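A short write-up of the structure that comes next.
Throughout, read-outs are computed from the coordinates displayed, never taken from laboratory work. Here the structure is a predicted model, which is why all the values come from computation and not from measurement. Glycine gets a Cβ as well: all are built from the backbone with ideal geometry, and neighbour counts include every protein chain shown.
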Amino acid sequence: RMLGKATGVLRALNKKSKLYSKDSPGTPGSLLDRGFSDDCKNAMEIVANHLAVAIRNADLFRQKERQIEQIRTMGEVGRLIESVSDINEVLKVTIGNVAKVMQAEVSMLFLKTASGDRVILRESFGIPDALLPNAYYELGQNETGKVAETGVPTLLRYESNGKYDGKYDPEIRAFLQDKYGPDTEIETVMIVPIGAVD
């Protein structure tokens, strides 16, 4: 019995067996003559169960490998930050590695201005530099400005009814649609504050 949704199905065909009906019950003999039996179905269920376990274990192994790669990449970023004095190089490498680790199509880094009343785009990955010149958020403006103001991270799932649309999402969406096709949509957005903890 399945304890959840099936991962897939295992399908077998017996091309030599006869079509069974009440009128033509078939003749005793080899499996190919009489078609599949309940024993065959039970055996196939056992095979399918073992296959499901193998698929699940492979998925868990891939997830573990990805976590190890994330830790390794973030360690490299940490070492870079400690060793590089040029902050612009640190920002550029960091934003690229964030995109790689999170498997993000686009990543953007906003920093507070000297006056502290807004955050401005300093680095981006996955979009051309000229796409969003002078991009910024006032503190508290849209979800990005709220995270900059409150320091509370957020994860947004876009809905087809357009319930949420970020300040610069139309431009980013148009760029992605030019790149991947007219049905391309932004699915999720993660916004995390930059701040030293402890």
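Please work out the FRET efficiency for the pair Glu69 and Val152, using the Cβ-Cβ distance as r and a Förster radius of 22 Å; give the result to the nearest 0.05. Spell out each step's value before the answer.
Numbers: r = 28 Å, r/R0 = 1.26.
Efficiency, from the Cβ-Cβ distance: 0.20.
Just subtract the alpha-carbon distance of Glu76 and Lys41 from 0.36 nm times their residue separation and send over the number in nm, one decimal.
On the way: separation 35, 0.36 × 35 = 12.60 nm, distance 5.20 nm.
Full extension of this stretch gives 7.4 nm more.
Distance cut-off 21 Å, Cα to Cα: go down the list Lys64/Lys92; Lys100/Lys179; Lys64/Lys100; Lys100/Lys167; Lys92/Lys146; Lys92/Lys112 and report the pairs above it. Walk me through the numbers before you get to the answer.
Details: Lys64/Lys92 27 Å; Lys100/Lys179 19 Å; Lys64/Lys100 16 Å; Lys100/Lys167 24 Å; Lys92/Lys146 24 Å; Lys92/Lys112 17 Å.
The pairs that break the limit, which is 21 Å between Cα atoms, are Lys64/Lys92; Lys100/Lys167; Lys92/Lys146.
With r defined as the distance between the Cβ atoms of Leu51 and Lys167 and R0 fixed at 41 Å, what FRET efficiency is calculated, to the nearest 0.05? Spell out each step's value before the answer.
Values: r = 47 Å, r/R0 = 1.15.
Rounded to the nearest 0.05, the efficiency is 0.30.
Which of the GluC sites (Glu not before Pro) across segment 122-159 are loop residues per DSSP, with 14 or fewer other Cβ within 10 Å?
Working: sites: Glu123, Glu138, Glu143, Glu149, Glu159; in loops: Glu159.
Those that pass, being in a loop and sparsely packed, are Glu159.
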